[in-house]
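Read through the structure below, which is laid out as structure tokens, and then see the notes.
The values are calculated or read from the model by the stated rules, or taken from the named source; none is laboratory data. Worth saying up front: this structure is predicted, and the values here are computed from it rather than measured. All Cβ positions, glycine included, derive from the backbone under ideal geometry; neighbour counts span all protein chains shown. Only protein heavy atoms, including side chains, enter the accessible area calculation; ligands, DNA and RNA are left aside. Shrake-Rupley method; radii C 1.70, N 1.55, O 1.52, S 1.80 Å.
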Amino acid sequence: MEKILNRFLRYVSVDTQSNEESQTQPSAAKEWDLLKILRDELQAMGVDASLDEYGYVMASLPSNLDHEVPAVGFIAHVDTAPDASGKDVKPQIIEKYDGGAIDLKGVPGLQLKPEEFPEMLHYVGQTLITTDGTTLLGADDKAGVAEIMTAVQYLVEHPEVKHGPVKIGFTPDEEIGRGVVKFDVKRFGAQYAYTMDGGELGELEFENFNAASAKIHIQGRNVHPGSAKGKMKNAILIGQEFNAMLPVDQRPEFTEGYEGFFHLISFKGSVEEADFAYIIRDHDHAKFKEKKKLIGFVASFLNTKYGEGTVLLEVKDQYYNMREQVEPHYHIIEKAVKAMEMADIKPKIQPIRGGTDGANLSFKGLPCPNIFAGGLNFHGKMEFVPLQSMEKATEVILNLISLFAAK
């Protein structure tokens, strides 16, 4: 078998950053590069695999049992986040991590420090894979991709291992909220599935945010500052006023657990006009609706103050909390707990402060909780993943397959 480290390093070398401004699917042509690699690797193993026009790799391992069991699926996304470059990733491999700061050698003076990221100390003595400080790493979610592919290869090379029908899915564009918009659940063929897209070792999640995006355009009025009194409307300042009217304590940097937030993700403009965007998140659907109502009130208030048409607001729902879809099938959570315990992992059931393809898949009729892929500090240059966590995730996948194979 190819070692999971080598597999992971091959995958992160392919730039697959998705593009939220694009209307195509996949949103970036370069995502096809890794999708084709995965299809070809699966076919080379002798696995029935296809890649459709929407960028979905689907593969299937037939059951080798003499009795029927549910088909179980494992899903990961190939794209990396628009937040940071995924081009020319230069991983650093830190063997037998000693608990100290790690130099990110691509940027002089930049370090990954345990005083800033204390979770690093959970992995003393292990092998850490970090960035060089110039890009993200791509463990979100190429760690998940590598774990699934390694598990598939193990099953192919060990036909004596008994298993039911196993379905494999790789998706584009998860990072921009469009990962499974055109995913054909019926064609995929699983009754239950798991996304391998969580964070550090032991994470197990079946609750996620309700999510919406908000785009705001402010039309100002630019007049020479020498004669601006009573005439100028500064779009930048109106934008600042808009942001100041939202609750300060409902920003990401002040929230945790089940607490939702408004997150200002971009702002650009001039006196004449400005555009900015938020993401809106809350686990509680009633609070989620209140957040959307509040941002609408702020826009309405500023239009009353500065004149109708000054603020144009567009709010779009992105995904919803999958708990209501997964909880009626709680046995799949119990199986995931058991699979982790079989691998000597203490499960940590917690809400996702984000979203996964599994949220939308659950609402498409495929209950799909989320399991750790092992990485930490996703979406930025401080990202890292312990090698041993990826190995354990592969073990959990194989344990789950064995649990679903039982009568």
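Structure notes:
- Among the GluC sites (Glu not before Pro) within the stretch 305-391, those in coil by DSSP and having at most 16 neighbouring Cβ atoms inside 10 Å are E308.
- Matching label, mean projected area of the Cα convex hull in nm² computed from the structure shown, candidates (i) 21.9; (ii) 20.5; (iii) 31.5: (i)
- Antiparallel content of DSSP bridges confined to the chain, in %, to 5: 75 percent
- R221 versus S402: modelled label distance in nm, points set 7 Å from Cα along the beta carbon direction: 7.4 nm
- Gain upon complete extension [K162, E2; 0.36 nm per residue less C-alpha separation]: 55.4 nm
- Here the label points at Y154 and E21, each 7 Å from Cα along the C-beta direction, are separated by 4.3 nm in the simple model.
- Net length available on complete extension from Y330 to N303 is 5.0 nm, with 0.36 nm assigned per residue and the Cα-Cα distance removed.
- Degrees, to the nearest 10: 331-342 long Cα axis against longest axis of the chain: 60 degrees
- Alpha carbon centroid spacing (whole Å) that separates the stretch 84-116 from the stretch 119-192: 23 Å
- Against the main long axis of the alpha-carbon atoms of the chain, helix 387-405 sits at an angle near 60°.
- The stretch 196-300: trypsin sites (Lys or Arg not before Pro) in DSSP coil with no more than 13 other Cβ atoms inside 10 Å: K229, K231
- Among the listed pairs K162/K346; K30/K348; K113/K289; K167/K338; K287/K346, those beyond 28 Å (Cα-Cα): K30/K348; K113/K289; K287/K346
- Only lysines eight or more places from K229 in sequence, or on another chain, were considered; those with a Cα closer than 19 Å are K305.
- Helix 235-244 vs. the chain, principal-axis angle (Cα, 0 to 90°, nearest 10): 60 degrees
- Gyration tensor (alpha-carbon) shape descriptor, the stretch 12-167, a/c threshold 1.5: oblate
- Amide N of the stretch 4-24 lying under 18 Å from the label point, which is placed 7 angstrom from the Cα of K87 along Cα→Cβ: 12-22
- Calculated accessible area for the chain comes out at 44 Å² per residue, all protein chains present (probe 1.4 Å; ligands, DNA, RNA ignored).
- With every protein chain in place, the chain: carbon and sulfur % of accessible area (1.4 Å): 51 percent
- Sites V124 and S266 - FRET efficiency at Förster radius 25 Å, r taken between beta-carbons, to 0.05: 0.05
- Of the GluC sites (Glu not before Pro) in the stretch 155-263, the ones in a loop by DSSP (not H, G, I, E or B) with at most 16 other beta carbons within 10 Å are E160, E256, E259.
- Per-residue ellipticity at 222 nm from helix content only, as computed over the chain with -39500 (n - 2.57) for each DSSP H run of at least four residues, stands at -9000 deg cm²/dmol.
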